[in-house]
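Report on one structure; see the data block that follows.
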Amino acid sequence: MAKKLQIGQRQASRICQMSAADRLAFIAEGLPIIHASAKGFWSASLELNAMPREAEVLEGFAKEEAAKILILLDVVRCPEKRVAGKLSMLIGRFYGHLERLIYAQLAEWWSEDIARLRKAVEPLRTTHDLEGSMGEFIVPNSTLYRREGKLYADVEAYEDGTLLWNAPAGHQNPFGRRMPAVVAVIEAMAACGMFTLAGLQASSQVWGELEFKERESLWDAERLTRELLERLIAEGLPKESATQDHVDTLYRHWPLPMYNVDLSPVPVSLDALKAEQDRLYWAEVGDP
């Protein structure tokens, strides 16, 4: 059988075959490209105030592109003695819509330690969820369902087999729109000089001191972030445009490393979903 040609896009898995030095240099080459892509989608979304659905779609693309950077930074942050066993899984997340959206969501949240972070992501991993004011609709994973619902006009079905058309729609925010936290994080990283090879080498060496497995916490992350920033400054890597706001964004919104956190889908049975529907219904109307 002829060997399949590895050409075209979707070749990130080949990063796993690189030496540590080559991998770091290759990631450093790509981060500014991904950053520009995310920034372009976000800037374009701001031009579409009269078209909320299209604006939300572009914002979603910006978040997913930005999340790719956080995934690659988890490759960089993973201790050298552990990264070989984590690399294939982490690079696999680069192409996963759900994994990218989980990274983006976690930039909006605080998790005190890795154990609590695992609990926080569990509801985001379920294969099916309940939607509606009383959970009256069973839908595929709600994170992906909302993504797809904005993107595509399509035929969908309720659990009873009823078919209907999905009409993509967006929502006007009366309070205006703000930059998503995940996009703000990569803006801060770029400003602080992290997307250079020297910046990645510093990130790898500083964060590689500690493996985040269970009880490693925000305080550990803050210490390492402070050490990294001090080193970036000592090496003259931050841009002139870097501000205290960029520093604060890294402290507040860069999620804890997730190389030891499972993001694979969690199957949910129809019986479990129907039982939860019953519980929500009686909680709303009162026990019989």
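The values are calculated or read from the model by the stated rules, or taken from the named source; none is laboratory data. Treat the numbers as computed from the prediction; the structure is a model and nothing was measured. In this analysis, Cβ positions are derived from the backbone assuming ideal geometry, glycine residues included, and neighbour counts consider all displayed protein chains.
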* Tabulated pairs, region 84-95, first more than 18 Å from G208 (Cβ to Cβ), second surrounded by fewer than 14 Cβ atoms within 10 Å (Cβ to Cβ) and not β-branched (V, I, T), C-beta under 7 angstrom, 6+ apart or interchain -> Y95/R10
* Just a yes or no: is a residue in region 104-119 more than 26 Å from G30 (Cβ to Cβ), outside the structural domain of S204 (by TED's automatic domain parsing) and within 20 Å of the chain's Cα centre (by Cα)? -> no
* Here are some residues: I27, I33, I7. Which one is outside any loop (DSSP other than H, G, I, E, B), among the aliphatic types (A, V, I, L, M), without any contact (Cβ under 8 Å) to a residue 60 or more places away in the chain and on the phi < 0 side of the Ramachandran plot? -> I33
* Asked: Under 6 Å by Cβ, and 6 or more places apart or on different chains, what pairs join a residue from region 198-226 that is free of Cβ contacts under 8 Å to residues at least 24 places away in the same chain with one that is loosely packed, with under 14 Cβ neighbours inside 10 Å and part of a loop (DSSP other than H, G, I, E, B)?
  -> none
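Name the one entry in F195, F137 that is within 23 Å of the chain's Cα centre (by Cα) and among the aromatic types (F, W, Y). Spell out the reasoning first.
On the way: F137 fails: within 23 Å of the chain's Cα centre (by Cα).
Exactly one residue qualifies, and that residue is F195.
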* Asked: Based on what the data block shows, is R93 surrounded by 12 or more Cβ atoms within 10 Å (Cβ to Cβ) and within 30 Å of A44 (Cα to Cα)?
  -> yes
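Is it true that R53 is surrounded by fewer than 18 Cβ atoms within 10 Å (Cβ to Cβ) and closer than 22 Å to E99 by Cβ? First the steps, then the outcome.
Details: surrounded by fewer than 18 Cβ atoms within 10 Å (Cβ to Cβ): yes; closer than 22 Å to E99 by Cβ: no.
The answer is no for R53.
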* Looking at this structure, is R147 of a type in the set (K, R), surrounded by 12 or more Cβ atoms within 10 Å (Cβ to Cβ) and under 23 Å from H253 (Cα atoms)? -> yes
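On the given criteria, is A202 touching a Leu at 6+ places or on another chain (Cβ under 9 Å), in a helix (DSSP H, G or I) and of a type in the set (A, V, I, L, M)? Full working, then the answer.
Numbers: touching a Leu at 6+ places or on another chain (Cβ under 9 Å): yes; in a helix (DSSP H, G or I): yes; of a type in the set (A, V, I, L, M): yes.
It is true that A202 is touching a Leu at 6+ places or on another chain (Cβ under 9 Å), in a helix (DSSP H, G or I) and of a type in the set (A, V, I, L, M).
In region 173-187, is there at least one residue being modelled with pLDDT of 95 or more and in contact with a strand residue (DSSP E or B) (Cβ under 7 Å, 6 or more places away or on another chain)? Write out each step before concluding.
To start, the set of residues in region 173-187 that are modelled with pLDDT of 95 or more comprises 179-187.
Next, only the ones that are in contact with a strand residue (DSSP E or B) (Cβ under 7 Å, 6 or more places away or on another chain) stay: none.
For region 173-187, residues modelled with pLDDT of 95 or more and in contact with a strand residue (DSSP E or B) (Cβ under 7 Å, 6 or more places away or on another chain): absent.
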